[in-house]
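Read-outs: derived from the displayed coordinates by stated rules, not from any lab. This one's a predicted model, so the numbers in the text were calculated from it and none came from an experiment. Neighbour counts are summed over all protein chains in view; Cβ atoms, including those assigned to glycine, are modelled from backbone coordinates with ideal geometry.
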Amino acid sequence: MQTEGKDRKMKKSTMLKITNVVLLLLFVNQALSGLFNDFISRGLFEVLHEFGGIVLIITALIHLILNWDWVRSTFFKRALTD
């Protein structure tokens, strides 16, 4: 039983590492494509900035879900202890 919990924590940790890197890359993509939108074509801008923004939101939600235990214990601590 403890092995399953350990494996689950390792999988969650690995998923968080991947998610964090993807979030960083998507954030940099958003910043750079926004700053340099005058120098790239409209089609490329739509792919990089608009589609990248949608993927960024989805990835941020995944990040939030993976960290939900921390969010709950940090921000809803009082509600849990009452």
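Structure notes:
- Above 15 Å, the calculated P(r) of the chain contains 67 percent of its Cα-Cα pairs.
- Mean separation of Cα contacts under 8 Å, 6 or more apart, over the residue count of the stretch 6-82: relative contact order %: 37 percent
- Val28 versus Lys9: modelled label distance in nm, points set 7 Å from Cα along the beta carbon direction: 3.1 nm
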